[in-house]
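Working notes for the structure below.
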């Protein structure tokens, strides 16, 4: 069994004060993908950089307190790929890939467009640039799993108030169509949906801090593990962990038969 956890932390330092380290130590995950670190490596404690039993790798944003992705791994990777090769994207710290022989694990954090038209344009630009990278990964000859916050709910089943969000960032037709292309043209597998095709309220991974969204489970499924077909077929179990809250996102945990 090979366990992969992915979680948007909304600040690694904040998540650690809420018990993330103790929880991670109990999960026995082989790989943990992190998004929205909101810290530079120099801002992190030694435990944050490398919890017991893990090595930590990071792609931090140039701007302090913003974005950033990371991966904790028990096994030393053969190769580390930082960024997608486009300066305006890479300065935001959105892509980190670790290669372990015939397996690539990616931690990715797509921009949010909810703050206004400028950020939505940046999100579309990221998607346009990222699709060819995804196509290359699909054809690279390795098994690949992309873990992270895609900031897109793919289908109506993936958010509570889908009717009221059809014109909002995260559920725009263009965003949903882009994800459909990832699954159909590139044949990547939405592993959660592969294992639990009818999950609805149990699948949500993010809740707004406004109102009582979490208490009422008015959520969105925007955190994914997306895998190449053979790897996706080896997925055995999925769960969204909600017993504790480390951020406005919940960890997504998937076990693979490797």
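Values quoted throughout were computed directly from the atomic coordinates according to the rules given, and no laboratory measurement underlies them. Because the structure is predicted, anything quoted here is derived from the model rather than measured. Neighbour counts run over all protein chains shown; Cβ positions are idealised from the backbone, glycine included.
Quick notes on this one:
- Based on Cα atoms of the chain, Rg over Rh with Rh as the Kirkwood radius reads 0.92.
- Alpha carbon centroid spacing (whole Å) that separates segment 238-258 from segment 81-122: 21 Å
- Contour minus Cα-Cα distance for residue 13 and residue 128 (0.36 nm per residue): 38.2 nm
- Between residue 168 and residue 62, the modelled labels are 3.2 nm apart [label points 7 Å from Cα along Cα→Cβ].
- Helix-only CD estimate at 222 nm, as mean residue ellipticity for the chain, using -39500 (n - 2.57) per DSSP H run (n ≥ 4): -7000 deg cm²/dmol
- Rounded FRET efficiency, nearest 0.05, which uses the C-beta distance separating residue 55 from residue 90 and R0 of 30 Å: 0.85
- For the chain, the share of DSSP beta bridges that are antiparallel, to the nearest 5, is 75%.
- Global form of segment 120-258, assessed from the alpha-carbon gyration tensor, a/c cut-off 1.5: oblate
- Centre-to-centre separation between the Cα atoms of segment 156-225 and those of segment 9-54: 25 Å.
- Between residue 140 and residue 210, the modelled label-to-label distance comes to 3.8 nm, taking each label 7 Å out from Cα in the direction of the beta carbon.
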